[in-house]
1. Identify the GluC sites (Glu not before Pro) of region 51-93 meeting these criteria: DSSP loop state and at most 14 other C-beta atoms within 10 Å of the C-beta.
2. Go ahead and estimate [θ] at 222 nm for the chain from helices alone: -39,500 (n - 2.57) per DSSP H run with n ≥ 4, summed, over the residue count, rounded to 500.
3. For the chain, find the longest principal axis of its Cα atoms and tell me its angle to the long axis of helix 2-25, 0 to 90°, nearest 10.
4. Taking a label point 7 Å from the Cα of SER55 along the Cα→Cβ vector, which residues of region 22-47 have an amide N closer than 18 Å to it?
5. Work out the P(r) tail for region 33-88: percent of alpha carbon pairs separated by more than 16 Å, whole number.
6. Using a Cα-Cα cut-off of under 20 Å, which lysines could be cross-linked to LYS75, ignoring same-chain neighbours fewer than 8 residues away?
7. Which is the longest part of the chain that has none of the chymotrypsin sites (Phe, Trp or Tyr not before Pro) sitting in a DSSP loop with at most 16 other Cβ atoms within 10 Å?
8. Roughly what percent of Cα-Cα pairs across region 1-63 reach past 13 Å?
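What follows is calculated from the coordinates using simple rules that are stated; it is not laboratory data. These numbers come from a predicted model, not from an experiment. Neighbour counts run over all protein chains shown; Cβ positions are idealised from the backbone, glycine included.
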Amino acid sequence: MIKALFLMLILGAICGLILGFASKVFHVEVDHRVEEVQAMLPGYNCGGCGYPGCSGMAAALCSGEADISSCKPSKPEQKEAIRQWLKDHPANA
């Protein structure tokens, strides 16, 4: 019984170390601008822009792959606000 307990303790410690190491090595920085842009979009998740919902459109806008004019439900003042926000908050800032 004691032998099994120590074996599980050692196995758990080894798995914990491997997971801790992997979380440091494979860490990916998240672009927090995507959340801000997504909040500015209408939130209909219609897919009319060609992206899978507003989160996909926001990610494409922040990476420079898309233009806000492809968002059909957005009002013109919303589109201009998003354009200005993206100009004021560049990717490398």
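1. Answer by residue number: GLU65.
2. Calculated from helices alone, the mean residue ellipticity at 222 nm is -19500 deg cm²/dmol.
3. For 2-25 against the chain, the angle is about 30 degrees.
4. In region 22-47, the label zone of SER55 (backbone N under 18 Å from the point 7 Å along Cα→Cβ) covers 28-47.
5. In whole percent, the long-distance tail amounts to 26.
6. Once the sequence-local lysines are set aside, what remains near LYS75 is LYS87.
7. Between exposed loop sites, the widest span is 45-93.
8. So the pairs more than 13 Å apart make up 71 percent of the total in region 1-63.
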